[in-house]
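One structure is given here, and the rest of the page talks about it.
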Amino acid sequence: MLVVGAGPTGLLLACELALAGVRVRVVDKRSTPHRESRALNLHPRSIELMDMRGLAGRFLAAGRTVPGWQFAASLERRLDFTALDTRHPYALLLAQVRTEALLAERARELGAEVHRGYEAVAVGQDAYGVEVVLSGPGGPVTIRSSYVVGCDGGHSRVRQAAGIAFPGTRESMSAVVGDFAAADHACIDRARQHGVLVARLETGLTRFVVMDPRRIRTPSCEPVTLEEFRSSLRQVCGTDCGIGKPRWLSRFGNATRLAETYRRGRVLLAGDAAHVHFPVGAQGLNTGLQDAANLGWKLAATVRGWAPPGLLDTYHAERHPVGHAVTAATRAQTLLVELPLTEQYGRPARLLCELLDTLLGMSEVNRYLAGRISALDTTYPAYPPSLSDADPLTGRRMPDIDLPTASGPARMYELLHDARFVLLHFGDRPGPDEPSRTRAVTVHRHAARPDLDGVSAVLVRPDGHIAWATRTTDPRALQAEQAEALLAWTGARTG
């Protein structure tokens, strides 16, 4: 398997494939990892994904948790993640370079190969595989793989070579970002009050993100100078916050695009190669990680030969609607940032922001938006589509409930560390002392019923979503339903 792009999405995908026993190589055009971090956080669902693989401790030890997050910089109220039903009701402040380092470490532990300095320049496919031409330090190299996944960013060469369109909206505004070793922290609260995003990084640097009304129409390709940055800070908040020599300056725009398909034959897309948007709400990196978690086990099942027909197609069917929802929502969130800065719409836009601040003060509204931004409310359609009478839990994320096991109490997510399906049976009598295992499924039987709306059995996917659930207690009916679900998801009738 070949993954193009060694960012967070590509590295997590490599981990998922290697964990499932697939030989995987990751290539990246950069000869060294990024030194600067575009993204700074993991949302609750991304932390849950790490928990499912036994990695949450590494990530939590490397960052700092905060109880909420911004919906838009123009709003005073923040989303309250502490109200969400999760063991991780917070955002984790962790620079992207650190996230990449932790995922690269895990990929190497699992045997994945990461090769830097190689850029994909051509991609061709036939009925049996994909041929990728790489430009590397020693000249062109051709690699043949069963599948290739483009995780190579918004300007993805893999996407372009596969002929996948990338429709959307062009850039209409931009903002500037800078990381500084020296800053006057007495001015930071003042800067925040005027809409400047300020974050202390674990490296000791201070990040400022500024939207200067005079400069928001500047094309994002135009370089940023220190003098411009200082001038914009003074314009927005009356002080340049004592910033010194920058470690990194950049400009980014609000172009928003979504790939028309996440799969074309043996070529697939994930992360920024599939969707780009203004980084409001910090959803980009997190959406990419969730793409990788959804795709990894399905692609591994296909490569290893046990995937039932149509399983790999569910990647596009499930994740493309999520990409559409995220890009649509970020366009709306971006308007809340952009319009208050304009002369024509400034006053009414500020009134709208005041109204939305009031609404965010209502617990139900805040909870709804927090669930969307955190991705905890992501629900996939029932599969196969013939299951029109699927249980309401189908497609939802499985909560990390406590379960009794033969070796003592365990959490649900601990049962997912090996990325296998987990089939749980609940009944009036205890089951076997030890779990049974089939090709792709681990079966656990319990006497106690968890708080899952009275379900009697549930099949949990490797990515932590519910593939099937039932409330029937009739043994024959339960066995028939279970056989249908296992056949659809694993190609086997028993578990």
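Take the conditions (1) within 30 Å of GLY491 (Cα to Cα); (2) buried (at least 24 other Cβ atoms within 10 Å of the Cβ); VAL276 misses just one of them, which is (1). Of the residues making up segment 312-342, those that are touching a residue at least 60 places away in the same chain (Cβ under 8 Å) and out of contact with any Phe, Trp or Tyr (no Cβ under 9 Å at 6 or more places or on another chain) number 5.
Would you confirm whether or not segment 298-317 contains a residue that is assigned by TED's automatic domain parsing to the domain that holds ALA39, touching a His at 6+ places or on another chain (Cβ under 9 Å), in a helix (DSSP H, G or I) and modelled with pLDDT of 95 or more? Checking segment 298-317: not a single residue is assigned by TED's automatic domain parsing to the domain that holds ALA39, touching a His at 6+ places or on another chain (Cβ under 9 Å), in a helix (DSSP H, G or I) and modelled with pLDDT of 95 or more. Give me the residue from segment 232-256 that is part of a loop (DSSP other than H, G, I, E, B) and not small (Gly, Ala, Ser) and, out of that set, surrounded by the fewest Cβ atoms within 10 Å (Cβ to Cβ). Looking at residues that are part of a loop (DSSP other than H, G, I, E, B) and not small (Gly, Ala, Ser), I get LYS245. Identify the residue in segment 155-213 that is among the charged types (D, E, K, R) and in a helix (DSSP H, G or I) and, among all such residues, is surrounded by the fewest Cβ atoms within 10 Å (Cβ to Cβ). Among them, the one singled out is ASP189.
Rundown of residues vs (1) surrounded by fewer than 20 Cβ atoms within 10 Å (Cβ to Cβ); (2) of a type outside the set (Val, Ile, Thr), yes/no style:
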{"site": "THR287", "(1), (2)": "no, no"}
{"site": "ASN294", "(1), (2)": "no, yes"}
{"site": "ALA328", "(1), (2)": "yes, yes"}
{"site": "GLY346", "(1), (2)": "yes, yes"}
{"site": "THR379", "(1), (2)": "yes, no"}
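Conditions tested, residue by residue: (1) farther than 30 Å from ALA301 by Cα; (2) in contact with a helix residue (DSSP H, G or I) (Cβ under 9 Å, 6 or more places away or on another chain); (3) at pLDDT below 95; (4) surrounded by fewer than 20 Cβ atoms within 10 Å (Cβ to Cβ).
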{"position": "VAL22", "(1), (2), (3), (4)": "no, yes, no, no"}
{"position": "ASP28", "(1), (2), (3), (4)": "no, yes, no, no"}
{"position": "ARG35", "(1), (2), (3), (4)": "yes, yes, yes, yes"}
{"position": "LEU42", "(1), (2), (3), (4)": "no, yes, no, no"}
{"position": "MET52", "(1), (2), (3), (4)": "no, yes, no, no"}
{"position": "LEU92", "(1), (2), (3), (4)": "yes, yes, no, no"}
{"position": "ALA112", "(1), (2), (3), (4)": "no, yes, no, no"}
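Checking the structure you have, find out if any residue of segment 71-79 is modelled with pLDDT of 95 or more, of a type outside the set (Phe, Trp, Tyr) and either over 30 Å from ARG192 (Cβ atoms) or assigned by TED's automatic domain parsing to the domain that holds LEU295 (or both). Within segment 71-79 (the criterion being modelled with pLDDT of 95 or more, of a type outside the set (Phe, Trp, Tyr) and either over 30 Å from ARG192 (Cβ atoms) or assigned by TED's automatic domain parsing to the domain that holds LEU295 (or both)), the answer is yes, since at least one residue qualifies.
The values are calculated or read from the model by the stated rules, or taken from the named source; none is laboratory data. Here the structure is a predicted model, which is why all the values come from computation and not from measurement. Quick reminder, even Gly has a Cβ in these numbers, built from the backbone with ideal geometry, and neighbours come from all protein chains shown.
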